[in-house]
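What follows is calculated from the coordinates using simple rules that are stated; it is not laboratory data. This structure is a prediction, so every number in the text was calculated from the model and none was measured. Heads up, the Cβs are rebuilt from the backbone with ideal geometry, glycines too, and the neighbour counts pull from every protein chain shown.
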Amino acid sequence: MNRVTVILLLILFSGCLEVSLESCSGLSGSLRKVCLERLAYRSFNASLCEGLRNRVGCYNDIIQATDTVRTCREITDGKFRNFCFTRLAEKKLDYSICTEIDNETEDYGWSRDSCYSIVASLTTDYQICGYILGINERKNCYHEIAVETLNVSLCNNSKWSSICICDILRKRGEAC
């Protein structure tokens, strides 16, 4: 990176330069990408992340800065939209956001079931496991929460109840 690029990046990140779509379009290369990321973050406009190489980072920054489902709905790429809904549900600990996930485009593990599983695990709310359609993932969800909460009765919903009970006993420091 040359000195001019470094100086422009510093000005851009300091907020001294007003960032707009017009100002970004006049730039090229990595400076243009940084400008678009900054603009996407400031305006909560996820559609500006679409053309960037680091789309996940751009989307993640916007998700961290906003709490709206609308932001995720603006994303046209299915896998990134599902990623956005999952991260937002995780951030807000709200499993109802998982219903926004389109199960037809479950790429890279960002499915409705995995979203439910993440929120259930974070909240230790075993009732959320009941929304999971995949049998193995649902049973794993119950297993994880049973062990985390030391709730032996949840082991009945686990794939291997005896292993679940044993995991709880070990966590308690007891012999299995």
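Here are a few things to note about the model shown:
- Charge sum, other residues only, whose C-beta stays under 15 Å from residue 141's C-beta, Lys/Arg counted +1 and Asp/Glu -1: -3
- For segment 46-99, the convex hull drawn through the C-alpha positions has a volume of 64 cubic angstrom per residue.
- Taking the alpha carbon gyration tensor of segment 124-176, multiplying each eigenvalue by 5 and rooting it gives semi-axes of 20, 11, 7 Å, largest first.
- Proximal lysines to residue 91, defined as alpha-carbon separation beneath 19 angstrom and excluding residues fewer than eight positions away on the same chain: 79
- Rg over Rh, two decimals, segment 62-176 (C-alpha only, Kirkwood Rh): 1.07
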